[in-house]
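Each remark here refers to the structure printed beneath this line.
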Amino acid sequence: MDSSYSVPRRLRRVLMFLIVLALCGLLGIAIAGEWKSGIVWPEPPVVDPGPVGGPPSDAVVLFDGKDLSQWHGGQKWLVRDGVATARGGGITTKQSFGDCQLHVEWASPSKVTGDGQDRGNSGIYMMGKYEVQILDSYDNETYFDGQAGAIYKQSPPMVNACRPPGQWQTFDIIFRAPRFAADGTVKQPAAMTVLHNGVVIQNHFELTGSTFWHKPPVYEPHAAKLPLHIQFHGNPVRFRNIWVRPLVPIVGKKPNEPGKSTTPKETP
Ligand code: MG
């Protein structure tokens, strides 16, 4: 046998073997068939995400730099050059929200005064009851479950992602409202995921109740939707670009049991 032909022949055999193997694989997939969940989903609505930082096209804009007309108490705050500065008391939305995604930009005062809880203190109260702390936590000691991004006195942020005083910062809060049974007991606690300047600092933390300074957390049954509140704690914290998106789960119908598809391949 001419040894110069033996190598290509061997190569041909290997190639043939690989082709047969691939065909067997494809045949196997064809015989197994496609698995289907049996759920018929509606098409997810199209949302224009807008510029970086939003607001997306389906957001409720709560402050776009012009005025605080979406808020009770907004007339007390100073609105100038697209920025709202806290003074004279807190502000509360006229509209109510339950499950939602909230975007807020805030800045603690450039001129540092006070320390601990007296430096750049404010807060975002989801449903007016569950506070995500706003504080100048850049090189500022305080109790950890009271620093910026803490769910007040329940959960410190996982990391401190605070920018220096005076710089703009973002909070993106994904909030799930608590569910109460008819007898007032908690069916499902409130939960929050928080991103501070794009960094996850709370990961679906389940709250043990409303947040207080002077008493332990407690749940009191309340409506499915309630207004948002921004705290005034004596410090001129500034705000801009505030918007919220109510979160509505997509619900499918289930006319069929899950199982193997009997029709030709449907899902690309
Ligand atoms: Mg506060």
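Of the residues in region 213-250, how many are loosely packed, with under 14 Cβ neighbours inside 10 Å and within 16 Å of the ligand (Cβ to nearest atom)?
The total comes to 4.
Take region 201-253 and flag every residue that is touching a helix residue (DSSP H, G or I) at 6+ places or on another chain (Cβ under 9 Å) and not polar (S, T, N, Q).
Of everything in region 201-253, those that are touching a helix residue (DSSP H, G or I) at 6+ places or on another chain (Cβ under 9 Å) and not polar (S, T, N, Q) turn out to be Trp213, Phe232, His233, Gly234.
With the structure loaded, tell me whether Asp115 is at pLDDT below 95, over 14 Å from Pro227 (Cα atoms) and either within 13 Å of the ligand (Cβ to nearest atom) or of a type in the set (Asp, Glu) (or both) or whether it fails that test.
yes
How about region 161-173: which of its residues are surrounded by 17 or more Cβ atoms within 10 Å (Cβ to Cβ), in contact (Cβ under 8 Å) with a residue 40 or more places away in the chain and farther than 19 Å from Gly209 by Cβ?
Ala161, Pro165, Gln169, Thr170, Phe171, Asp172
Do you know which residues across region 203-219 are more than 16 Å from Thr185 (Cα to Cα) and over 15 Å from the mean Cα position of the chain (by Cα)?
Correct list: Thr211, Phe212, Trp213, His214, Lys215, Pro216.
List the number of the failed condition for Gln202; all other conditions in (1) in a strand (DSSP E or B); (2) in contact (Cβ under 8 Å) with a residue 24 or more places away in the chain; (3) more than 16 Å from the ligand (Cβ to nearest atom); (4) of a type in the set (S, T, N, Q) hold.
Of everything listed in (1) in a strand (DSSP E or B); (2) in contact (Cβ under 8 Å) with a residue 24 or more places away in the chain; (3) more than 16 Å from the ligand (Cβ to nearest atom); (4) of a type in the set (S, T, N, Q), Gln202 misses just condition (3).
Taking Thr142 as the residue in question, decide whether it is polar (S, T, N, Q) and in contact (Cβ under 8 Å) with a residue 40 or more places away in the chain.
no
Tell me, please, whether a residue that is more than 16 Å from the ligand (Cβ to nearest atom) and surrounded by 19 or more Cβ atoms within 10 Å (Cβ to Cβ) can be found in region 83-96.
Yes, region 83-96 contains a residue that is more than 16 Å from the ligand (Cβ to nearest atom) and surrounded by 19 or more Cβ atoms within 10 Å (Cβ to Cβ).
Going through region 127-143 one residue at a time, which ones are among the aromatic types (Phe, Trp, Tyr) and within 19 Å of Ile173 (Cα to Cα)?
Matches in region 127-143: Tyr130 only.
Taking region 118-142, which residues are surrounded by fewer than 21 Cβ atoms within 10 Å (Cβ to Cβ), more than 12 Å from the ligand (Cβ to nearest atom) and within 26 Å of Ala190 (Cα to Cα)?
Gly128, Lys129
Kindly evaluate Pro55 against the criterion of being assigned to a loop (DSSP other than H, G, I, E, B) and touching a residue at least 60 places away in the same chain (Cβ under 8 Å).
Against the criterion (assigned to a loop (DSSP other than H, G, I, E, B) and touching a residue at least 60 places away in the same chain (Cβ under 8 Å)), Pro55 qualifies.
Looking at the structure I just gave you, is Leu226 within 24 Å of Gly53 (Cβ to Cβ), touching a residue at least 40 places away in the same chain (Cβ under 8 Å) and aliphatic (A, V, I, L, M)?
Judged against the criteria, Leu226 is not a match.
The values are calculated or read from the model by the stated rules, or taken from the named source; none is laboratory data. Being a predicted model, the structure only gives us computed values, none of them experimental. In this analysis, Cβ positions are derived from the backbone assuming ideal geometry, glycine residues included, and neighbour counts consider all displayed protein chains.
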